[in-house]
Amino acid sequence: MAPSTPTEPALDWHLTRRQHLVLIGIGVLSLVLRGLYLWGQARNNPFFELVRGDAFDHDAWARAIAVGPGMEAEPYYRAPFYYYGLALLYSTVGPSIIWARIAGACLGALTSYGIARLGAALGGYRAGWVAGILAAVYWPAIYFDGELLTVGLECLLEVGLMLALMLATSRNSLPLFALSGVVWGLSLITRPNFLALAPIIGLWLFIALPGARWASRKWWAAAVVAISAVCIVAPVSLRNAWVGGEPVFITYSGGINFYIGNNPESDGISAVLPDGRRSVRGGYEDAHRIPEAELGHSLSRQEISDYWYAKSFEWIKANPTDFAAHMLKKFRLFWSPVELPNNQPIRFFAERSEISSLFIIGFPLIAIFGLAGFVLLADRWKRWLLPAGFLLLYMATVVLFFCNARYRLPVYPLLILAAAGGLSRLPDLVRERRFGLLGLSGCVGLAVAWGIATNPPADRAAFHQAMQGEGHKYLADLYAGAPLSDRERHDLARAHYEEAVRLKPGSPYLQLALAREHRRTERLASALSGLTRAGKRFPENAEIRLEWAQALAASGRAPAALEQFEAAVDLQPAYGAAQLGLGCALKRGRQYRQALAPLSLALRLETQPVAAYLCRGEAHLGLGDRSAALADFGSALELDPRSARALQRSGDVHLLAGRTNPAIAHYRLALRQDPDLPGASQNMASALRGLGQHAETIAVLESAVQRRGRDPGLLASLAFSLATAPQPGLRRGDAALRYANRALAAEPSPSSRSFDAQGAALAELGRFPEAQKAAARALEIARAEGRSDRIPALEARFDQYRAARPHRAGPVGVPAASPGPP
């Protein structure tokens, strides 16, 4: 029988009542600091009751689970434990971002206490209170504990896992091993990276447990930990398989994130997909649409992940040297002296709380003292194996993907524990005159300090200026969301966007955001000026090209707009919005057949393809294919039964086919959804006129003119109806002439429609020579425009006026007008 080996780490779990109260007091201090931080944020941060980015998704998912329809029936994109816990909170106190932030502060205080308790077990009471105080005042933790992100829970579970494992091995207790497995399982469904800790957990169990190295008790302990963790993860995996029809362990985002961090364009920080949009929602959609567009068919969620893994490995195999250099860069980014942002500029918003003056203890200090501390504790490596192993393995999982402050945060408990352990041991080492170990630790500390000081970003001033710019952009986004009637907030938005561009002129997305605000507030000239400069500076940016194209189209410069739409599509063929813009631009230019291809592609690429169906339907209508047009408008209505434009266009098809009553029914529904819808009132009036319902025709047009009194089409239609109604009691020649003159004045260039209405009004008033001149002008414009559908009716009216006869609307059942091509 193999002899026992004294391998149990000498962990001290016993504290006096006073010592325990001190550690609890540190936890309370941590909670107070976090409470004061939130109080300052509530006073000074306009985003305090709002969330963005990943936090927005977490809040939305929690609300859906707590008070809504639940999660969508697809495998999880992100590990679920955090937002299910948030849903439990919401179901108790109601959906509240404030309560979610308070709950995060409480979790952070528990983490500080856990670090203190763990520090006391590893290095004695002095190490415990030092670790607890460092954790309580560590400012990145204070910041992240107030955000609706998973990382605060990750840190608590990490500390809890170490506590459970060390306590279980100290007491050799199978129930505690089961508890360790449960905590590990919860860690996995919070952040799957914790799966990488398996080797060190196994090694710890075989080293820390007493008895022979391969004693069966150690195997039992390992099995209990593993089985308990599997029991926690299994429901997530089974649910994914059930709703997705394929095995997905926890999430299917692994391949997407791996590619984001390992591709020729990766900066090692940003969670932005190459050729994808920068927004969280846009990036999520692009991660799905790009592989499906490239492969030409729909993919399952796991197939999407596999696609991106394959893309990464393809680049790695083809460029092993570049990959190695990139990994070194990410390793240096992991040890960066600044908090690299992911969702928002961290320091910019953290400093909006009054206690930011206490933000002294940051990553550089705990990294220097933590790594130097591990050297001082090297001769006690067995008890410190778990924190050191956790640090190395977790760091590897972050560096393998991409590095920013949020993903780096879970190493702070490990570094603080080592820093506190090393500092508390310093007096003993000095008394023992172990100057060699002290010197080695000092050298390591200096080396780490030098490394951190020289790690990226190289130009710290430029980095902080850029982060200030990003912060102003976030504030601008908030104010830009106000109603357009709130000019003061939109002025604030523009000022913040301009300041953001000034501070960070190299960002195409800030230029884009400023241009969009100019367009929203009808400053089209400013938008075009900015987009022209941005397009020349960032010619490879498809989003800028698309926005530029839309601004050009809005200004009436159709050929230039079409050129930019084509450029955007050439840059990103799988960009659904660009394909949609190109197709609609071709449709507006009456290139209906050419428009069908990009619009059909947009239908496959867009997650909300209502606009693509509408535009393609209008292209089919322009080609005269009414059945295809009606099918597309019907598809749009299936996706959005309240779409006023789809209802109107369906009415147009029915009217063109002579189905007047269904046309009127659709127009009524369209106007109920949007009383100001351009064209709907006119086309409904045309249908009513065809049925001889002239009184209702006039009523519909008068109601529309009251809402949209500068619409020349509405004014001309009303003028024509008032001048030509067959019932004498409905005709009002003077009013008709006023409306016709208003229509002509409202048009940038006179139209045959408005001159036709003016001629009819003049004829009704008996002013036939003037009516002939107006009719002749209407005919001249119609012939110049090639409007063969209007010319015969205009000629007939000209002949009537020459014969001194006013025009009267046609007999019942004959439409006086029909909707032209879109």
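For every residue, the table says whether it meets (1) more than 29 Å from Val230 (Cβ to Cβ); (2) basic (Lys, Arg); (3) part of a loop (DSSP other than H, G, I, E, B).
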position	(1), (2), (3)
Pro247	no, no, yes
Ile250	no, no, yes
Tyr259	no, no, no
Pro264	yes, no, yes
Val272	yes, no, yes
Arg281	yes, yes, no
Asp286	yes, no, no
Ile290	yes, no, no
Ala293	yes, no, no
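Annotation: of all residues in segment 615-636 being within 34 Å of the chain's Cα centre (by Cα), over 15 Å from Lys587 (Cβ atoms) and of a type outside the set (Ser, Thr, Tyr), the one that is least open to solvent (accessible area, probe 1.4 Å) is Gly634. Only one entry in Pro457, Pro427 is surrounded by fewer than 18 Cβ atoms within 10 Å (Cβ to Cβ) and under 24 Å from Leu273 (Cβ atoms), namely Pro457. Just checking, does segment 59-72 include any residue being part of a loop (DSSP other than H, G, I, E, B), on the phi < 0 side of the Ramachandran plot and touching a residue at least 12 places away in the same chain (Cβ under 8 Å)? No, that holds for no residue.
Confirm whether Gly128 is closer than 29 Å to Pro427 by Cβ and out of contact with any Lys or Arg (no Cβ under 8 Å at 6 or more places or on another chain). So Gly128 does not fit the description; no.
Which of the following residues is in contact with a Phe, Trp or Tyr (Cβ under 9 Å, 6 or more places away or on another chain), under 27 Å from Ala136 (Cα atoms) and without any contact (Cβ under 8 Å) to a residue 12 or more places away in the chain: Ser96, Ser30?
Numbers: Ser30 fails: without any contact (Cβ under 8 Å) to a residue 12 or more places away in the chain.
The conditions single out Ser96.
Restricting segment 796-822 to residues that are aliphatic (A, V, I, L, M), in a loop (DSSP other than H, G, I, E, B) and within 22 Å of Ala761 (Cβ to Cβ) leaves a set whose member that is modelled with the lowest pLDDT is Val814. Need at least 2 residues that are at pLDDT below 90, touching a strand residue (DSSP E or B) at 6+ places or on another chain (Cβ under 9 Å) and of a type outside the set (Ser, Thr, Tyr) per element, so show me which helices (runs of 4 or more DSSP H) inside segment 651-733 make the cut, counting only ones lying wholly within it. In segment 651-733, no matching helices (runs of 4 or more DSSP H) lie anywhere. For segment 169-190, a residue qualifies if it is assigned to a loop (DSSP other than H, G, I, E, B) and either of a type in the set (Val, Ile, Thr) or open to solvent by 40 Å² or more (accessible area, probe 1.4 Å) (or both), and the qualifying residues are Asn172, Ile189, Thr190.
Of everything in segment 330-363 that is in contact (Cβ under 8 Å) with a residue 12 or more places away in the chain, out of contact with any Gly (no Cβ under 6 Å at 6 or more places or on another chain) and open to solvent by 40 Å² or more (accessible area, probe 1.4 Å), the residue that is farthest from Gly261 (Cα to Cα) is Leu358. Kindly indicate whether Ala419 is assigned to a helix (DSSP H, G or I), open to solvent by 30 Å² or more (accessible area, probe 1.4 Å) and either in contact with a His (Cβ under 8 Å, 6 or more places away or on another chain) or farther than 17 Å from Asp379 by Cβ (or both). It is false that Ala419 is assigned to a helix (DSSP H, G or I), open to solvent by 30 Å² or more (accessible area, probe 1.4 Å) and either in contact with a His (Cβ under 8 Å, 6 or more places away or on another chain) or farther than 17 Å from Asp379 by Cβ (or both). Could you list all residues from segment 720-741 that are within 49 Å of the chain's Cα centre (by Cα), buried (at least 21 other Cβ atoms within 10 Å of the Cβ) and not aromatic (Phe, Trp, Tyr)? If the condition is that a residue be within 49 Å of the chain's Cα centre (by Cα), buried (at least 21 other Cβ atoms within 10 Å of the Cβ) and not aromatic (Phe, Trp, Tyr), then Ala740 is the only one that fits.
Whenever a residue of segment 774-793 is over 15 Å from Phe720 (Cβ atoms), its partners that are assigned to a helix (DSSP H, G or I) and among the basic types (Lys, Arg), lying with C-beta atoms within less than 8 angstrom and at least six residues away or across chains, give the pairs Ile791/Arg783.
Would it be correct to say that Ala367 is of a type outside the set (Phe, Trp, Tyr) and either open to solvent by 50 Å² or more (accessible area, probe 1.4 Å) or outside any helix (DSSP H, G or I) (or both)?
Values: of a type outside the set (Phe, Trp, Tyr): yes; either open to solvent by 50 Å² or more (accessible area, probe 1.4 Å) or outside any helix (DSSP H, G or I) (or both): no.
No: the conditions fail for Ala367.
I'm trying to understand the selection: among the residues of segment 379-403, which are among the aliphatic types (A, V, I, L, M) and open to solvent by 20 Å² or more (accessible area, probe 1.4 Å)?
Leu385, Ala388, Leu392, Leu393, Met395, Ala396, Leu400
Given the criteria open to solvent by 80 Å² or more (accessible area, probe 1.4 Å) and free of Cβ contacts under 8 Å to residues at least 12 places away in the same chain, does Arg17 qualify? Don't jump to the end; show me each part of the working.
Details: open to solvent by 80 Å² or more (accessible area, probe 1.4 Å): yes; free of Cβ contacts under 8 Å to residues at least 12 places away in the same chain: yes.
Spelling it out, Arg17 is indeed open to solvent by 80 Å² or more (accessible area, probe 1.4 Å) and free of Cβ contacts under 8 Å to residues at least 12 places away in the same chain.
Looking at Ala597, Ala585, just one residue is crowded, with 24+ Cβ neighbours inside 10 Å, out of contact with any Lys or Arg (no Cβ under 9 Å at 6 or more places or on another chain) and in a helix (DSSP H, G or I), and that residue is Ala585.
Here the condition is being more than 32 Å from the chain's Cα centre (by Cα) and open to solvent by 30 Å² or more (accessible area, probe 1.4 Å); of Leu437, Leu484, it holds for Leu437 alone.
Residues in segment 113-139 that are more than 21 Å from Leu86 (Cβ to Cβ) and not aliphatic (A, V, I, L, M): Tyr113, Arg117, Gly119, Gly123, Gly124, Tyr125, Arg126, Gly128, Trp129, Gly132, Tyr138, Trp139.
Of all residues in segment 71-109, those satisfying the criterion of being among the aliphatic types (A, V, I, L, M), open to solvent by 20 Å² or more (accessible area, probe 1.4 Å) and closer than 19 Å to Gly185 by Cβ are Leu88, Leu107. Taking the criterion of being open to solvent by 40 Å² or more (accessible area, probe 1.4 Å) and touching a helix residue (DSSP H, G or I) at 6+ places or on another chain (Cβ under 6 Å), the only residue of segment 696-707 that qualifies is Glu696.
Per-residue answers, yes or no, for (1) farther than 27 Å from Glu470 by Cβ; (2) of a type in the set (A, V, I, L, M); (3) open to solvent by less than 20 Å² (accessible area, probe 1.4 Å):
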| position | (1), (2), (3) |
| --- | --- |
| Leu510 | no, yes, yes |
| Lys536 | no, no, no |
| Ala549 | no, yes, yes |
| Ala568 | no, yes, yes |
| Gln579 | yes, no, yes |
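The set of residues in segment 148-160 that are open to solvent by 10 Å² or more (accessible area, probe 1.4 Å) and β-branched (Val, Ile, Thr) contains only Thr150. Given (1) open to solvent by less than 30 Å² (accessible area, probe 1.4 Å); (2) among the aromatic types (Phe, Trp, Tyr); (3) more than 24 Å from the chain's Cα centre (by Cα), identify the lone condition not met by Trp450. Every condition holds for Trp450 apart from (1).
Give Leu197, Leu163, Leu122, Leu118 a once-over and let me know the one that is part of a helix (DSSP H, G or I), open to solvent by 10 Å² or more (accessible area, probe 1.4 Å) and farther than 22 Å from Asn45 by Cα. It would help to see each step written out before you state the result.
Values: Leu197 fails: open to solvent by 10 Å² or more (accessible area, probe 1.4 Å); Leu122 fails: open to solvent by 10 Å² or more (accessible area, probe 1.4 Å); Leu118 fails: open to solvent by 10 Å² or more (accessible area, probe 1.4 Å).
Step by step, each of Leu197, Leu163, Leu122, Leu118 is checked, and only Leu163 is part of a helix (DSSP H, G or I), open to solvent by 10 Å² or more (accessible area, probe 1.4 Å) and farther than 22 Å from Asn45 by Cα.
The values are calculated or read from the model by the stated rules, or taken from the named source; none is laboratory data. Computed from a predicted model, the values in this text were never measured in an experiment. Positions of Cβ are backbone-derived with ideal geometry, glycine not excepted, and every protein chain shown enters the neighbour counts. The accessibility values were calculated without ligands, DNA or RNA, using every heavy atom of the protein model including side chains. Shrake-Rupley method; radii C 1.70, N 1.55, O 1.52, S 1.80 Å.
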